Amino acid sequence: MTSNGGIKKLGILCSGGDSPGMNCAIRSLVRTAIGDGIEVYGIRRGYSGLLEGAIEKMNESSVGNILHYGGTILQTSRCPEFHEAEIRKEAFNILKRKKIDALAVIGGNGSFNGAHALHTEHGIPIAALPGTIDNDITGTNYTIGFDTAVQTAVDAVDKIRDTASSHARTFIVEVMGRSSAAIALHVGVCTGAENVVVPSDNIPFDQIASDIKRGIKRGKNSSIIICAEGKVPGLSYKIQENLKDNHDIDAHVCILGHIQRGGNPSALDRFIASRMGYVAIKELLAGNQAFVTAFVEGEVTPAPLKDCLAKRNEYLPHTVDLVRALSI
Ligand code: ADP
């Protein structure tokens, strides 16, 4: 770490699941840093690549023409060994040998926990940029990729609705989000779903069935149920089975899966990711040691990394109410 809080060499990595807009964040970090006289090093494949020493110098052109692509040019990975302090020490020594004196980590809350451990154990300054489609990180109201993932799912459900109407069918569409229901609830509102099922120990099977029947009674010829995947995908099959066995309702299941993780980032994701990259560099230069570029009240603002390590799993009750109010 150098004196003016100013950094001389910055490492950048992506970790955990990829999300659309990560490239915009990389581009912004690289160009802002170079503009401020910092040398930039891209670390491939997250913490795994760091441990392998897969580190390359980047320049302004390294990030040319990537803004509109999903995924991440640096690639990403999951690295279970990083849970071990000894392995993190090895990672820190690799950074030290390369004279990298700050790290920008783009990822979800798992990646943030790894970065926080590296910071507390070895003192390296960390800028953590929230990048996950799930929008489930404490301390920030937005994560890079969420808007694009919601739009991708909305486009898919619109297509499914065509078939559902033409054949007078019920579809259960399962969307991503792990234990977060944020994608499901937003997609539910934006597609006029009859119901959104969030992961819970008490799935309201009877209510789902009575909602479908009420719709049919008042002349609806199709129903869309949006189901959040929860920890283990496949809840939609349980709902399908229950509707058939207990309510004599035939429903088709469509699990959208990984199409929601890719694709060209939306304008919102491009904008917020670009802003987060810029703020990250300015904060590092100002001497901020361990922070998240959080999106709070419409602004990107630094939040202490230690306060953003938990998963946020808000049930978003007002969104649940909205779905119910509009689906009568
Ligand atoms: P995400 O960052 O998208 O939440 P993961 O939870 O899979 O994705 O975490 C990504 C990586 O971050 C893990 O593979 C591991 O290398 C690192 N990581 C996660 N949790 C921790 C932890 N508690 N301590 C150290 N490293 C961690």
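Assign unit charges at the C-beta atoms only (+1 for Lys and Arg, -1 for Asp and Glu), then state the dipole size of the stretch 231-311 relative to its Cα centre in Debye, rounded to the nearest 20. If you can, show how the numbers build up before the last one.
Values: 9 positive and 9 negative charges, 74 e Å.
Roughly 360 debye, rounded to the nearest 20.
Looking at the chain only, what percent of DSSP beta bridges run antiparallel? Nearest 5 please.
Details: 11 of 43 bridges.
Among the beta bridges of the chain, antiparallel pairing accounts for roughly 25 percent.
Taking 19 Å as the cut-off, the amide N atoms of the stretch 104-140 that come nearer than this to a point 7 Å along the Cα-to-beta-carbon line of Thr301 belong to 128-130, 137-140.
Of all aspartates and glutamates in the structure, the ones whose alpha carbon falls short of 15 Å from that of Lys238, not counting any fewer than 8 places away in one chain, are Glu174, Asp201, Asp206, Glu229, Asp248, Asp250.
Computed from the alpha carbon atoms alone, the convex hull of the stretch 147-261 holds 86 Å³ per residue.
So for the chain, averaging the separation of alpha carbon pairs under 8 Å that are six or more residues apart and normalising by length, what relative contact order in percent results? Spell out each step's value before the answer.
Details: 752 pairs, mean separation 81.0, N = 328.
The normalised contact order for the chain reaches 25 percent.
Holding the Cα-Cα limit at 22 Å, pick out from Lys89/Lys311; Lys159/Lys217; Lys57/Lys98; Lys9/Lys282; Lys159/Lys311; Lys99/Lys311 the pairs that are longer than that. Please list the in-between numbers first.
Working: Lys89/Lys311 25 Å; Lys159/Lys217 24 Å; Lys57/Lys98 11 Å; Lys9/Lys282 14 Å; Lys159/Lys311 32 Å; Lys99/Lys311 32 Å.
Going by Cα-Cα distance, Lys89/Lys311; Lys159/Lys217; Lys159/Lys311; Lys99/Lys311 fall outside the 22 Å limit.
The share of accessible area on the stretch 1-78 that comes from carbon and sulfur is 44 percent, using a 1.4 angstrom probe. If I build a Gaussian network model for the chain, linking alpha-carbon pairs within less than 10 angstrom, which residue out of Asn221, Asn264, Asn135 has the largest mean-square fluctuation? It is Asn221. Taking label points 7 Å from Cα along the Cα-to-Cβ direction, Asn246 and Leu322 give a separation of 2.9 nm. In the stretch 147-261, taking the dipole from charged Cβ atoms about the Cα centre, the farthest positive-side position among Val189, Ser165, Gly230 is held by Ser165. How large, in percent, is the carbon and sulfur part of the accessible surface of the stretch 155-298 at a probe radius of 1.4 Å? Ligands and nucleic acids excluded, carbon and sulfur reach 51 percent. In the stretch 1-130, the DSSP beta bridges split such that about 20 percent are antiparallel, to the nearest 5.
Under unit Cβ charges (Lys, Arg +1; Asp, Glu -1), what dipole magnitude, rounded to 20 debye, does the chain have relative to its Cα centre?
520
What does the charge add up to near Thr148, with Lys and Arg as +1, Asp and Glu as -1, over the other residues with Cβ less than 13 Å from its Cβ? Neighbourhood net charge equals -3. Restricting the stretch 233-316 to GluC sites (Glu not before Pro) that sit in a DSSP loop and have at most 10 other Cβ atoms within 10 Å of their own Cβ leaves Glu297.
Note down the magnitude of the dipole of the stretch 147-261 about its Cα centre, charges +1 on Lys and Arg C-beta and -1 on Asp and Glu C-beta and zero elsewhere, to the nearest 20 debye.
On the way: 13 positive and 14 negative charges, 36 e Å.
The calculated dipole for the stretch 147-261 is roughly 180 debye.
The values are calculated or read from the model by the stated rules, or taken from the named source; none is laboratory data. This one's a predicted model, so the numbers in the text were calculated from it and none came from an experiment. Note that we place each Cβ from the backbone using ideal geometry, even for glycine, and neighbour counts take in every protein chain shown. Side chains are part of the model used for accessible areas, which takes the heavy atoms of the whole protein and leaves out ligands, DNA and RNA. Shrake-Rupley method; radii C 1.70, N 1.55, O 1.52, S 1.80 Å.
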